[in-house]
1. What is segment 89-202's relative contact order, in percent, from Cα pairs under 8 angstrom and six or more apart in sequence?
2. Which value results when the Cα radius of gyration for segment 89-202 is divided by 2.2 N^0.38 Å?
3. Restricting to Cα pairs below 8 Å that are 6+ residues apart, what does the relative contact order work out to for the chain? Please round to a whole percent.
4. Over the Cα atoms of the chain, what Rg and Dmax result, in angstrom?
5. What is the order of 128, 161, 88, fewest Cβ neighbours within 10 Å to most?
6. Based on DSSP, what percent of beta bridges with both residues in segment 5-78 are antiparallel, to the nearest 5?
7. Pop out the ³J(HN,Hα) list for segment 10-25 in order, Karplus 6.51 cos²θ - 1.76 cosθ + 1.60 with θ = phi - 60°, rounded to Hz; leave Gly and Pro as x.
8. Rounded to two decimals, what is the ratio between the C-alpha radius of gyration of segment 5-78 and 2.2 N^0.38 Å?
Amino acid sequence: MSEPVVYGDPISTYVRSVRLALAEKGVQHSLVAVDLVKGQHKEAAHMARNPWGKMPAFEHEGRCFYEASAIMRYVDEAFPGPALMPSTPAERVRVNQLMSVVDSYGYAASITNIFIPRVLVPMLGGQTDEAQVAAAKPQAALFLTEVNRLLGGTDFFGGSTVSLADLHLLPVLTYLQATADGQALMAATPAVGAWMGRMNQRRSVQEVMPSA
């Protein structure tokens with residue numbers, strides 16, 4: 001079986017999620033860097049992989065596809081190793097629901113509207129849009145409240161073992177927690193913080209997200 005290739009910037013949350021899934025399965029892969037800050041994801045080479053210019057793209061055995069959640073499900077099904085989806089319908093729907101919540105609500109609130117204006121924009125010489133951050137905080141708080149509810153006292157979102165939902169969520173909350181705003185919001189959900197502690201001890205996380 002040929003080695004899969006991930007196209008994307010290693011700082012991207014979605015690139016990290018796909019690489020975490022590969023690491024949890026014990027699958028060696030190649031990372032072809034696409035520099036997010038330099039805008040390489042909008043250049044022709046990457047647009048040919050994803051017409052929206054998003055990352056990651058993924059190639060395996062002559063097939064190339066995109067969308068992180070779809071790639072992660074492929075990784076879980078196509079490669080041997082520990083299953084990253086739980087065995088019961090009720091647990092699987094919780095995993096799928098959490099992944100959808102991240103994509104539909106959590107990423108925008110946490111990354112687009114808090115982390116990027118608070119951290120990335122100043123790093124690039126710009127100024128934080130305080131109104132943008134302030135408007136995002138209630139949505140980020142709602143996101144964390146729902147994440148906390150879906151965790152429901154279990155160790156992981158798949159129950160007793162790590163699932164795709166855990167790997168999809170962790171990079172987003174890692175960046176949110178890197179801001180003072182995010183730390184203040186997360187103080188209201190200590191169980192989520194404890195879950196992050198468990199995740200950050202995993203070998204896959206230390207390999208893919210060494211600064212986490």
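The numbers here are math on the coordinates, done by the rules we state, and not lab data. Keep in mind that this is a model prediction, so the values were computed, not measured. Glycine gets a Cβ as well: all are built from the backbone with ideal geometry, and neighbour counts include every protein chain shown.
1. 34
2. That ratio works out to 1.06.
3. 22
4. When restricted to the Cα atoms of the chain, Rg and Dmax are 16.8, 50 Å.
5. By the 10 Å Cβ count, ascending: 88, 128, 161.
6. 65
7. Rounded to whole hertz, the list is x, 7, 5, 4, 6, 4, 4, 4, 5, 5, 5, 4, 4, 5, 5, 7.
8. That works out to 1.01 for segment 5-78.
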